[in-house]
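> Supplied in structure tokens, the structure appears directly below.
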Amino acid sequence: MLSRVADGLYWMARYLERAEHTARLIEVQLNLMLDQSAYSADERWRRILASLGDPKLNTESRDAQSLTYSLIFDRSCRSSIVAAIVGARENSRQVRQQISSEMWEQLNRLFHQVRRADLEEGWDPQPHDFLLQVHEGCHLFQGITDGTMSHNEGWQFIQIGRHIERVMATSKLLDTHYREFGDDEQAHLEWIGLLRSCTAFEAYCKYYTADVRPDRVAEFLLLNDEFPHTIRFAADHLEAALKALPDGDGRCARVRLLAGRLKASLSFAQADEIMAQGFNSYLHSIQTQCGQIDDALRQAYIDYPVESALTA
Amino acid sequence: MPATSWPPPFRQYELDDAYDEMFAPDQDVRSHYGTLHQRLLDTPVEEMRRRKQAADLAFLHQGITFTVYGRDEGIEKIFPNDLLPRIITQGEWTKIERGLAQRIVALNLFLKDIYHEGKILNDGIVPREMIYSCKHYRRQMKGLDVPRDVYITVVGTDLIRHPDGRYLVLEDNLRVPSGVSYMLTGRQVMKRVFPELFQACRVKPIEEYPQALLQTLRNLAPHGRMDPTIVLLTPGVFNSAYFEHTYLARQMGIELVEGRDLVVNDNVLYMRTTAGLRRVDVIYRRIDDDFIDPLAFRPDSILGVPGLFNVYRAGNITLCNALGNGIADDKAVYAYVPAIIKYYLNEDPILDNVETFLCSNPAQMDYVLQNLDKLVVKAVGESGGYGMLIGPHSTKEQQEEFRRKIIDDPRNYIAQPTLMLSRAPCYIDGQVEARHIDLRPYILYDGKKVTTVPGGLTRVALRKGSLVVNSSQGGGSKDTWVLHDKE
């Protein structure tokens, strides 16, 4: 497979995962704003922006309406839904012949939906239906991808993109949340919000009952190996997809090593030990490792030096 | 003949001076159109409308599009397709096929000669300055031996039909001809929409084109490369023919690459894959000469591959088509093609040229300047219907503008009589009406064998009275049926 094509598939998946993540954050936030709580909406918005890496926004104002609008429509903000979906579509256009027609059509449909919403006058400040559409559109795309594309090398690059983005986004979200609330059990609503932001509330309840406690939330979102939106689950799948790629004359040794180490560290970790040594620094190290994996991935498959690959 | 004498759905049908594909001047139906004609009379209006919708939908869903330039992003448009086929008899086709083969072989010899000894110039058949003043002449190609001496691999020649029924060559496209994907996809749609009619007419198949193209490219691999890797080089998603590039790559099962996928090392070309560098032997390039290698040609090109031309010179890669072919489809050199055929093959041309006046010849230029309102003037290096003056449809200002241009740069202009393209029945808003058409057959040449799939792309000027068939300017296409002889 051409390196450029692999890169395109990888970024297509990352951008879509990003769109879905942002849509979920906004949805949960708008929902929380309806309830009165000790924490003001302003602080929550600040936290959301921090968890998205404090993206540059077009607007100076920090009220709910303009922030919602920016995080959905601001193309210059790399975490906004529209920017992410446009990015995904641009990448898929480059690799049009490698993805199924059904995938292309669904992504196109999603693109036109969000663009149409942008053009409509009288933007609805409570855009639940719209966010739901984005959500469903992303889910549908994933289902179509799994059902209509050969599970070949290209598909593995899609898995890698999706899961690396998920590990990074979830770890940043956990990071900002714990920095803010520590183990404050009073912030009940906020913990539920965090779980909801990872669509994990129901899964958590099945596991621990509705007794929402900070340490358990942390343990669940970090170490549960059965629920798709936890860090460990995504890291496992990231490693498996990397392992399924061709060897590439040994150039891939490093990326496999890094992904294997991340997986192993999460598999054998104990929640209490992590907490004792500092949860935030553990999350930071996960983010650093993801950066290294991304880098090693390009070195192995995409931007490798010509000299290293001349024997092929 | 009053229009009311036509039965529906032919009420709007008109005959004029142009050759009509379906009707003889006395309104008799030409025999090879008999089946289609009867079908049109028998099919209820609603039924036709339904089939038209089915065809449009099929084009839409397959994403058969082209890009119109001139806006910020380039707009993807569905390629307009007319519902009714254009029909050619076996006898007509045999002559076209022989004529095209003759022309391609002669032009290929011409290119080899021009870039080597230049005998035809020494013998004074083609004026030397005509070649060296051509903006598509590539001095870098001088003395370079191309694999199997094949310069022209893929051709799309434009034919028109004179009022007397003769097929004439209007233009040879020897650089990067496009449109073949519309021929192939158009056929698929027609088979789905008119299965019974298709079968009843005994139409020759064209589906082998991608395989024939692949085989031709394979045959042209550099010497000693037994199992060559073949790629299609595209300028990228913003090119107007990107749909065609992806379509052909998929149909042939070869990689679709961009310049940035390719690297040169030690005069060998590789593509960058996830499994490492893979050597490339043959490039079917859909990118213009100028952009192919920034080191050898336009230095500002970011579409090409630095060093590619050295690989070519070293004989480690085959480019299809070869570089520098533009001199042989230059619109002024065109006037010499009958002489070129005679010179290399000692044969008379099977297909005639359209009468052409060269503005570089003072006597002919005078004639052109005096008859600007009657002639079609064309810039020699342009294509796609750009840079043209259609005399009878032009204003005085436009004529003056072209007069100045011609006097400034006579070599750059030729003129031809206003062409009478033939007309064929088209399905327009529920009625069958006559519209002007041309024909672009696709020809493949590997140095030994000329392959022409029976048919080609019939382009149609969908606007009433229009003579411009280019898709960028309101043209569409028709499926082209070459019939088996009756047993």
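> Take the residues in the range A:267-312 that are in a helix (DSSP H, G or I), within 14 Å of chain B (Cβ to nearest Cβ) and at pLDDT 90 or above; name whichever of them is farthest from residue B:261 (Cα to Cα).
A:296
> Could you figure out which of (1) in a loop (DSSP other than H, G, I, E, B); (2) at negative phi isn't true of residue B:188?
Condition (1) is where residue B:188 drops out.
> When you scan the range B:315-337, do you find a residue that is within 14 Å of chain A (Cβ to nearest Cβ) and basic (Lys, Arg), even just one?
There is no residue in the range B:315-337 that is within 14 Å of chain A (Cβ to nearest Cβ) and basic (Lys, Arg).
> Ok, one more. Does at least one position in the range A:15-31 carry a residue that is small (Gly, Ala, Ser), assigned to a helix (DSSP H, G or I) and under 18 Å from residue A:135 (Cβ atoms)?
yes
> Moving on to the next point. Give me the residue from the range A:49-61 that is surrounded by fewer than 21 Cβ atoms within 10 Å (Cβ to Cβ) and among the hydrophobic types (A, V, I, L, M, F, W, C) and, out of that set, farthest from the other protein chains (Cβ to nearest Cβ).
A:50
> Would you point out which residue out of A:23, A:64 is surrounded by fewer than 20 Cβ atoms within 10 Å (Cβ to Cβ), assigned by TED's automatic domain parsing to the domain that holds residue A:12 and small (Gly, Ala, Ser)?
Unique residue meeting the criteria: A:64.
> Related question: Of the conditions (1) free of Cβ contacts under 8 Å to residues at least 40 places away in the same chain; (2) within 14 Å of chain B (Cβ to nearest Cβ), residue A:41 satisfies every one except a single condition; which number is it?
(2)
> State whether one or more residues within the range B:157-172 are in a helix (DSSP H, G or I) and more than 30 Å from residue B:430 (Cβ to Cβ).
no
> In the range B:234-273, which strands (runs of 3 or more DSSP E) lie fully inside it and hold 1 or more residues that are more than 9 Å from chain A (Cβ to nearest Cβ)?
B:262-265, B:268-273
> With part of a loop (DSSP other than H, G, I, E, B) and either within 9 Å of chain A (Cβ to nearest Cβ) or buried (at least 21 other Cβ atoms within 10 Å of the Cβ) (or both) as the only criterion, which of B:293, B:227, B:300 stands out?
B:293
> Moving on to the next point. Return the only residue of B:320, B:359 being at pLDDT 95 or above and either under 22 Å from the mean Cα position of the chain (by Cα) or within 15 Å of residue B:410 (Cβ to Cβ) (or both).
Exactly one of B:320, B:359 is at pLDDT 95 or above and either under 22 Å from the mean Cα position of the chain (by Cα) or within 15 Å of residue B:410 (Cβ to Cβ) (or both), namely B:320.
> For residue B:338, only one of the following conditions fails: (1) touching a residue at least 24 places away in the same chain (Cβ under 8 Å); (2) within 17 Å of residue B:106 (Cα to Cα). What is its number?
Failed condition: (1).
> Scanning for something touching a Pro at 6+ places or on another chain (Cβ under 9 Å), modelled with pLDDT of 90 or more and of a type in the set (Val, Ile, Thr), does the range A:10-26 turn up at least one residue?
Yes.
> Can you find, within the range B:110-149, the residue that is nearest to the chain's Cα centre (by Cα) among those that are under 19 Å from residue B:332 (Cβ atoms) and of a type in the set (A, V, I, L, M)?
Result: B:111.
> From the list B:210, B:228, B:177, B:163, which one is of a type outside the set (A, V, I, L, M, F, W, C), modelled with pLDDT of 95 or more and under 23 Å from the mean Cα position of the chain (by Cα)?
Result: B:210 is the single residue among B:210, B:228, B:177, B:163 that is of a type outside the set (A, V, I, L, M, F, W, C), modelled with pLDDT of 95 or more and under 23 Å from the mean Cα position of the chain (by Cα).
> Another one. Kindly check whether there is at least one residue in the range B:411-418 that is surrounded by fewer than 17 Cβ atoms within 10 Å (Cβ to Cβ), aromatic (Phe, Trp, Tyr) and out of contact with any His (no Cβ under 9 Å at 6 or more places or on another chain).
No, that holds for no residue.
> Quick one: residue A:207 ticks every box in (1) touching a residue at least 60 places away in the same chain (Cβ under 8 Å); (2) in the same structural domain as residue A:280 (by TED's automatic domain parsing) except a single one, so which number is it?
(1) is the only condition that residue A:207 fails.
> Let me ask something additional. Any idea which of (1) polar (S, T, N, Q); (2) in contact (Cβ under 8 Å) with a residue 60 or more places away in the chain; (3) over 28 Å from residue B:178 (Cβ atoms) is the one residue B:353 doesn't satisfy?
Of the numbered conditions (1) polar (S, T, N, Q); (2) in contact (Cβ under 8 Å) with a residue 60 or more places away in the chain; (3) over 28 Å from residue B:178 (Cβ atoms), the odd one out for residue B:353 is (3).
> Next question. Looking at the range A:134-153, is at least one residue surrounded by 14 or more Cβ atoms within 10 Å (Cβ to Cβ) and within 14 Å of another protein chain (Cβ to nearest Cβ)?
yes
> How many residues does the range B:89-145 hold that are among the basic types (Lys, Arg) and outside any helix (DSSP H, G or I)?
3
> Condition first: of a type in the set (Asp, Glu) and free of Cβ contacts under 8 Å to residues at least 12 places away in the same chain. Now tell me which residues in the range A:227-250 satisfy that.
Once the filter is applied, which keeps residues that are of a type in the set (Asp, Glu) and free of Cβ contacts under 8 Å to residues at least 12 places away in the same chain, the range A:227-250 yields only A:247.
> Conditions: (1) at pLDDT 95 or above; (2) aliphatic (A, V, I, L, M); (3) in a helix (DSSP H, G or I). Residue B:55 meets all but one. Number of the miss?
Condition (1) is where residue B:55 drops out.
> Still on this model: Under the condition of being β-branched (Val, Ile, Thr) and either part of a loop (DSSP other than H, G, I, E, B) or within 18 Å of the chain's Cα centre (by Cα) (or both), which residue from the range A:74-128 is surrounded by the fewest Cβ atoms within 10 Å (Cβ to Cβ)?
Checked the range A:74-128; the qualifying residue surrounded by the fewest Cβ atoms within 10 Å (Cβ to Cβ) is A:86.
> For residue A:4, all conditions in the list (1) assigned to a helix (DSSP H, G or I); (2) within 19 Å of the chain's Cα centre (by Cα) hold save one; what is the number of the exception?
Failed condition: (2).
> Could I ask something else about it? Which of the residues that make up the range A:129-170 are of a type in the set (Gly, Ala, Ser) and part of a helix (DSSP H, G or I)?
A:137, A:143, A:147, A:154, A:161, A:169
The values are calculated or read from the model by the stated rules, or taken from the named source; none is laboratory data. A quick note: this is a predicted structure, and the numbers were derived from the prediction, not measured. Every residue, glycine among them, receives a Cβ derived from its backbone with ideal geometry; neighbour counts consider all protein chains shown.
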